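K.L.:
Before anything else, here's the structure in question.
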Amino acid sequence: MKFPNDADGQVLKTLYNEGINFKKPHNVDFFIAVPNKKKGEMVLEVLKNNGYNAQLEQDDETDEWTCYCSKKMQLKHGELVAMQKKLDDLCRPYEGQADGWGIMVD
């Protein structure tokens, strides 16, 4: 299977090589970097108002803030890129930006 030569394509290739089933949908976790708790709470509200199950956390080691949200979807490059763009558009007014994605692997 061929994957685009970008960060998302590399993650998909790694998951494929690990034997992940691409024919079924997965719970994909998206990460949104935010500059501080106040902006993070604003992003959290926007995400929840747009139907996402989301949470805000601060990294103990780096003190950086991240909003997490998830969506059950196929592992398709175009859909993952579009989802990150949508999250970027929603969060940009609050200085948030999509900062990757992942799935839980057994």
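K.L.:
I'd like to verify a number: residues in the range 82-102 that are among the charged types (D, E, K, R) and touching a residue at least 12 places away in the same chain (Cβ under 8 Å), how many?
P.N.:
Qualifying residue count for the region: 3.
K.L.:
Right, here's the next one. If you check every pair at least six apart or on different chains, which have Cβ atoms under 9 Å apart with a residue in the range 55-81 that is closer than 12 Å to Asp99 by Cα first and a residue that is surrounded by 16 or more Cβ atoms within 10 Å (Cβ to Cβ) and basic (Lys, Arg) second?
P.N.:
Close Cβ pairs satisfying both conditions: Trp65/Lys39.
K.L.:
Kindly indicate whether any position in the range 69-80 is among the hydroxyl-bearing types (Ser, Thr, Tyr), surrounded by 16 or more Cβ atoms within 10 Å (Cβ to Cβ), on the phi < 0 side of the Ramachandran plot and out of contact with any helix residue (DSSP H, G or I) (no Cβ under 7 Å at 6 or more places or on another chain).
P.N.:
Scanning the range 69-80 turns up at least one residue that is among the hydroxyl-bearing types (Ser, Thr, Tyr), surrounded by 16 or more Cβ atoms within 10 Å (Cβ to Cβ), on the phi < 0 side of the Ramachandran plot and out of contact with any helix residue (DSSP H, G or I) (no Cβ under 7 Å at 6 or more places or on another chain).
K.L.:
Which residue, of Val28, Val46, is modelled with pLDDT of 95 or more, touching a strand residue (DSSP E or B) at 6+ places or on another chain (Cβ under 7 Å), β-branched (Val, Ile, Thr) and within 16 Å of Gln84 (Cα to Cα)?
P.N.:
When all the criteria are applied, what remains is Val28.
K.L.:
Does the range 11-68 hold any residues that are outside any helix (DSSP H, G or I), under 15 Å from Glu79 (Cβ atoms) and either within 14 Å of the chain's Cα centre (by Cα) or of a type in the set (D, E, K, R) (or both), and which are they?
P.N.:
Result: Lys23, Lys24, His26, Asn27, Val28, Asp29, Phe30.
K.L.:
Taking the condition under 17 Å from Glu95 (Cβ atoms) and touching a Lys or Arg at 6+ places or on another chain (Cβ under 9 Å), does Ala54 pass?
P.N.:
yes
K.L.:
Okay, moving on. How many residues does the range 74-86 contain that are within 12 Å of the chain's Cα centre (by Cα) and either aliphatic (A, V, I, L, M) or not in a helix (DSSP H, G or I) (or both)?
P.N.:
4
K.L.:
Still on this model: Which condition number in (1) touching a Lys or Arg at 6+ places or on another chain (Cβ under 8 Å); (2) of a type in the set (A, V, I, L, M); (3) without any contact (Cβ under 8 Å) to a residue 60 or more places away in the chain is the one that Val28 fails?
P.N.:
(3)
K.L.:
Out of the range 6-25, which residues are touching a residue at least 24 places away in the same chain (Cβ under 8 Å) and either closer than 17 Å to Lys85 by Cβ or among the acidic types (Asp, Glu) (or both)?
P.N.:
Those that are touching a residue at least 24 places away in the same chain (Cβ under 8 Å) and either closer than 17 Å to Lys85 by Cβ or among the acidic types (Asp, Glu) (or both): Ala7, Asp8, Gly9, Val11, Leu12, Glu18.
The values are calculated or read from the model by the stated rules, or taken from the named source; none is laboratory data. Treat the numbers as computed from the prediction; the structure is a model and nothing was measured. Every residue, glycine among them, receives a Cβ derived from its backbone with ideal geometry; neighbour counts consider all protein chains shown.
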